[in-house]
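Can you read through this structure? Questions will come right after.
Since every read-out is calculated from the coordinates, none of them should be taken as a lab result. The shown structure was predicted, so the numbers you read here are calculated from the model rather than taken from an experiment. No Cβ is skipped: glycine too gets one built from the backbone with ideal geometry, and neighbour counts run over all protein chains shown.
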Amino acid sequence: MSPRTTGVLVCSVAACLAVATPAAAAPAESAYAIAASGLVKIPRTPSVTGTGQESLASVALPTSGPSLVSAKALNAEVKPGHAQSSVAGLSLDLGVLPAAATLPGVSAEVIKADCRDGKGSVSIANLKVGGKAVKLDQVPPNTTVPLAPLLELVVNKQAKNDDGTLTVTAVSAKLLGQTQTLDIASATCAKPGDDNTPAPPTKPGGDKPQPGGKAPKPTPVPAHLDVTG
């Protein structure tokens, strides 16, 4: 038996397969502060899934060669039904990219994404592009902001995932067309009650009549109702 196998097998293969319990659903909530793909690759940093919190301070990414991204603090935090991430003291030196000498620098005091119970929001403080202030706080979801011929931002990017969760990314940058992408502050969460587990099967036949011709007692069925105020 493999060292990683847990439990004791005391049944035949067929019997074990019949009573095997389904694997637990993957945690719905996750968050990360920065990720990049293309000419410069940065893994999701820091990244948390399920529950937990990770933070980094005074970071420059990537660590070797000229840095495309630097920040004073990166944070990612996840709780049941809630995920958030933020980047403080952000600075993008786009001149390190090939053929990107004409791209302006980008900086921001704070960029934050928040996802709670299937609803997302973002906040952006003191964003500057090429040294000029750009107000992008409280914008509608999936707002595209072209800033230069080779620089485009999608602010408050929101996407529904196949499992029903919502991913909100505060700023998703496209550089040099699609050659380089950069996501800043991303959080994913589920709606209340979306635990990705199937409902138990109903028993055939319904409720049985009671003695004396009395009406059968109703069978309570668990349900979820969305309440709006």
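Mind giving me the nanometre distance, one decimal, between the label points for Ala125 and Lys72, set 7 Å out from Cα along Cα→Cβ?
0.9
Gain in length, Glu152 to Lys132, computed as 0.36 nm per residue apart minus the alpha-carbon separation, to one decimal in nm?
Working: separation 20, 0.36 × 20 = 7.20 nm, distance 1.57 nm.
Length gained, Glu152 through Lys132: 5.6 nm.
Estimate the FRET efficiency between Ala159 and Ala60 by the formula 1/(1 + (r/R0)^6), using the beta-carbon distance for r and 35 Å for R0, to the nearest 0.05.
Numbers: r = 29 Å, r/R0 = 0.83.
Efficiency, from the Cβ-Cβ distance: 0.75.
Continuing with this model, one more query. Multiply the residue gap between Lys41 and Gln178 by 0.36 nm, knock off their C-alpha separation, and tell me the result in nm, one decimal place.
Details: separation 137, 0.36 × 137 = 49.32 nm, distance 1.35 nm.
Fully extending the segment from Lys41 to Gln178 adds 48.0 nm.
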